[in-house]
Amino acid sequence: MNASNSSSYRKLRFDSIQECIDEVHRIAQAQEQGTLKASGNWTAGEVLSHVAAWIEYGYVGYPIKPLPFFIRWLLRVRLRKMLDVGMTKGVRIPGIKEGTTGIDDLPTGQAAQRLLLALDRLASNEPTPYDSPAFGKMSHEDRIKLNLRHAELHLGFLSY
């Protein structure tokens, strides 16, 4: 499925990992029923695999270097608002092709399973040995919130 436009963007809010898991199941079910639609620039598989990849990076390492000090400092200042309010659409990581990483074009069902496994791992309280290249060291609670805000941003481009 290719993306179309962003007019059908959904504003989502997840207060728990379980709420995000439930949404991923609804997305996978919509794909099976043939009713899933993607708006924006990515396929559903790219959206789901991207969100999964950024959760996984905390466990396996990030494919990018830490951002320059000033940018990290600025992002740290904005972190609390981002965790409470949400992320902004269209932000790109400077110097990274495509503006981000982890956009694997997997079949939707496979990408959904990847994301569900990543969310289960995040819920397990397993320590993440790698610090965020944008925010540095974070509490596990803040890492969960950041990943939920990230999921809200991207899953909002999928509707059913």
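Test residue 105 against the criterion of being farther than 17 Å from residue 20 by Cβ and either out of contact with any Ser or Thr (no Cβ under 6 Å at 6 or more places or on another chain) or not in a helix (DSSP H, G or I) (or both), and give yes or no. The answer is yes for residue 105.
Of the candidates 40, 61, 86, 45, the single residue that is on the phi > 0 side of the Ramachandran plot and touching a Leu at 6+ places or on another chain (Cβ under 8 Å) is 86.
I need the full set of residues from the stretch 56-81 which are in contact with a helix residue (DSSP H, G or I) (Cβ under 8 Å, 6 or more places away or on another chain), closer than 24 Å to residue 16 by Cβ and surrounded by fewer than 17 Cβ atoms within 10 Å (Cβ to Cβ), in order please. Listed by number, the list holds a single entry, 59. Listed by first and then second residue, the pairs linking a residue in the stretch 39-57 that is charged (D, E, K, R) to a residue that is part of a helix (DSSP H, G or I), with Cβ atoms under 7 Å apart and 6 or more places separating them unless they lie on different chains, are 56/118. Taking the criterion of being among the β-branched types (Val, Ile, Thr) and outside any helix (DSSP H, G or I), the residues of the stretch 58-94 that qualify are 64, 88, 91, 93. Would you be able to say whether some residue in the stretch 36-55 is surrounded by fewer than 19 Cβ atoms within 10 Å (Cβ to Cβ) and part of a helix (DSSP H, G or I)? No, every residue in the stretch 36-55 fails to be surrounded by fewer than 19 Cβ atoms within 10 Å (Cβ to Cβ) and part of a helix (DSSP H, G or I). Per the listing 118, 134, the residue uniquely closer than 24 Å to residue 31 by Cα, in contact (Cβ under 8 Å) with a residue 24 or more places away in the chain, of a type outside the set (Val, Ile, Thr) and surrounded by 15 or more Cβ atoms within 10 Å (Cβ to Cβ) is 118.
Just to be sure before I move on: is residue 124 more than 28 Å from residue 39 (Cβ to Cβ) and either among the polar types (S, T, N, Q) or under 16 Å from the mean Cα position of the chain (by Cα) (or both) in the structure I sent? Yes: the conditions hold for residue 124.
Read the figures in this text as sums done on the coordinates, not as results from a lab. Keep in mind the model is a prediction, meaning the values are calculated, not measured. As a convention, Cβ positions derive from the backbone with ideal geometry for all residues, glycine included, and neighbour counts pool all protein chains shown.
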